[in-house]
1. Within the stretch 95-141, track down each residue that is among the aliphatic types (A, V, I, L, M), over 22 Å from GLN31 (Cβ atoms) and more than 16 Å from the ligand (Cβ to nearest atom).
2. Can you name every residue in the stretch 167-213 that is near the ligand (Cβ under 8 Å from one of its atoms), within 23 Å of GLY78 (Cα to Cα) and polar (S, T, N, Q)?
3. Would you confirm whether any residue within the stretch 252-270 is within 14 Å of the ligand (Cβ to nearest atom), surrounded by fewer than 22 Cβ atoms within 10 Å (Cβ to Cβ) and part of a loop (DSSP other than H, G, I, E, B)?
4. Can you name every residue in the stretch 31-70 that is over 18 Å from the mean Cα position of the chain (by Cα), within 16 Å of the ligand (Cβ to nearest atom) and assigned to a loop (DSSP other than H, G, I, E, B)?
5. Every residue in the stretch 283-310 that is open to solvent by 40 Å² or more (accessible area, probe 1.4 Å) and among the β-branched types (Val, Ile, Thr), please.
6. List pairs: first in the stretch 201-217 and β-branched (Val, Ile, Thr), second open to solvent by 10 Å² or more (accessible area, probe 1.4 Å), Cβ under 6 Å, 6+ apart or cross-chain?
7. What are the residues in the stretch 89-117 that are closer than 12 Å to HIS161 by Cα and in contact (Cβ under 8 Å) with a residue 12 or more places away in the chain, if any?
Amino acid sequence: MASHIYTTPCIIASLSCFLLLLSSFSQCQAQMSPTFYNKTCPNALKIIRTTVNQAISRDRRMAASLVRLHFHDCFVQGCDASILLDSTPVIEGEKDALPNNASARGYDVIEAAKREIEKSCPGVVSCADILTVAARDAVVSAGGPSWAVNLGRRDSTMAYHAKAGTDLPSPYSDLDTLITAFAKKGLSKRDLVALSGAHTLGQTQCFLFRYRIYNHTDVDPDFANTRKRQCPEQQIGDKNLSPLDLVTPYVFDNNYYKNLMQKKGLLQSDQNLFNGGVTDSIVSEYAKSPEAFNTDFVSAMIKLSEIQPLIDGHGIIRKVCSAVN
Ligand code: HEM
C-alpha cells in the first residue's frame, strides 16, 4: 500500500514528462518542414529550381559548386547562410577565409534566386533555406537522388571567419582528423564517407593535389602521370583545374569510390578514406552498390543540412543574401 502511494506521483510525473517531450518534439517538427513556405511563398521551390537549372545549363560545374557551398555553410556554425555575407568594416566574411577564398563558388546563383523570390514574397524565405534547396536541386540536376528538404531555417547576422579556418577539413587531413571533424558536427564515419561522395562532381586546383601526385606512393602511377600534365611540379599552374572524378566528372554516381579502390583519389583526404583504415569497408560497399551510396548520401545530406539551424525566432530573414538588413 505504502509503495503504491509513492509510485502514483511517480507515474504522473513520468507521464507529464513524456507529454512535454512529445509536445516539444512536435513543436520542432512544426518549425521545420518541407511545406514551411506552402502558404507564405508557394512558388519559392520552383523559383530556386529554375534559377539553379539555368545556372547549371550556362556552367556545368555550378552543380558541384552549389553542393560545396552548402557544405561550407553548414560546417561553420550551422546552416545559417553565414558563408554568403560579404566582408564589411564590422564583419570578417567567411568568403575570405582560406578554404573559401578563390575557391568557393555559386554565391551569385543564390543571390539571383533570392532576388526573384523577393519579388513575389518579400522578407519571407531565408537565404539558408535557398542554399539548402539549391544544393539538393544541384544533385538532382547531375542525375543524383532527390529528397524532401525540411525548411524554416533563418539567416545569421554574423559571419564566422576564424571558424571557417578551423572547422572545414583540409585536403591533407589524415583519416582520424576527418573522422573527428565530422564527429564534432554530429556526423558518423558512414556520413563522412557518403558525403565525400559529392567529390563525384567538380574540380580542384593543382596546388591542392600537387604534393600527392609527385610524392606519395599510395597513388596509381598512370593516374598520377596523367594528372601531372595539368599540374607541373614547378610552382606554375597552381590554379589549373582537374576533375575530382576523372571518369564521369559531371555525373552524380558512385565512380568516386571505384577510383579510391584503384588508388585514383585526387586529394590525399579522399584517398585516406581507402588506405587500410576503418572506412575501407564503407568505400567498398558504396563502390559495389550505387543504391547503398544514394540512400546513405541522402540521409547524410539531411543531417548536414540540419546542423544548428537558426529557428525559434533566432536569426533574421535577410533582404539580400550578401548583407545583413
Ligand atoms: C571530407 C572532407 C573534405 C575535404 C578535405 C574537401 C576538400 C575539398 C577541396 C580541397 C576541394 C577543391 C577546392 C578547390 O580546388 O578550390 C573540394 C571540392 C569540392 N568539394 Fe570537398 N572536401 C571535403 C568534403 C566535402 C563534402 C562533405 C562535400 C559535400 C557534401 C564536398 C563537396 C565538394 C564539391 C562538390 C567540390 C567541387 C566544387 C567545384 O567544382 O566548384 N566536399 N573539396
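1. Our first condition is that a residue be among the aliphatic types (A, V, I, L, M); within the stretch 95-141, this holds for 97-98, 102, 104, 109-110, 112-113, 117, 124-125, 128, 130-131, 133-135, 138-140.
When the remaining residues are screened for being over 22 Å from GLN31 (Cβ atoms), the result is 97-98, 102, 104, 109-110, 112-113, 138-140.
Hits for the stretch 95-141 are ALA112, ALA113.
2. Of everything in the stretch 167-213, those that are near the ligand (Cβ under 8 Å from one of its atoms), within 23 Å of GLY78 (Cα to Cα) and polar (S, T, N, Q) turn out to be SER170, SER173, SER196.
3. There is at least one residue in the stretch 252-270 that is within 14 Å of the ligand (Cβ to nearest atom), surrounded by fewer than 22 Cβ atoms within 10 Å (Cβ to Cβ) and part of a loop (DSSP other than H, G, I, E, B).
4. If the condition is that a residue be over 18 Å from the mean Cα position of the chain (by Cα), within 16 Å of the ligand (Cβ to nearest atom) and assigned to a loop (DSSP other than H, G, I, E, B), then ASP59, ARG60 are the ones that fit.
5. THR295, ILE302
6. Qualifying pairs under 6 Å: THR204/LEU244; ILE213/LYS228.
7. Listed by number, the residues that qualify are ILE91, GLU92, GLY93, GLU94, LYS95, ASP96, ALA97, LEU98, PRO99, ASN100.
Every residue, every condition in (1) within 14 Å of the chain's Cα centre (by Cα); (2) surrounded by fewer than 16 Cβ atoms within 10 Å (Cβ to Cβ); (3) at positive phi, yes or no:
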position	(1), (2), (3)
SER146	no, yes, no
ARG153	no, no, no
SER156	no, no, no
HIS161	no, no, no
LEU168	yes, no, no
THR180	no, yes, no
ALA183	no, yes, no
LEU187	yes, no, no
GLY202	yes, no, yes
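The values are calculated or read from the model by the stated rules, or taken from the named source; none is laboratory data. Remember, it's a predicted structure, so these values are computed and weren't measured experimentally. Note that we place each Cβ from the backbone using ideal geometry, even for glycine, and neighbour counts take in every protein chain shown. Areas reflect the complete protein model, heavy atoms only, side chains present, ligands, DNA and RNA absent. Shrake-Rupley method; radii C 1.70, N 1.55, O 1.52, S 1.80 Å.
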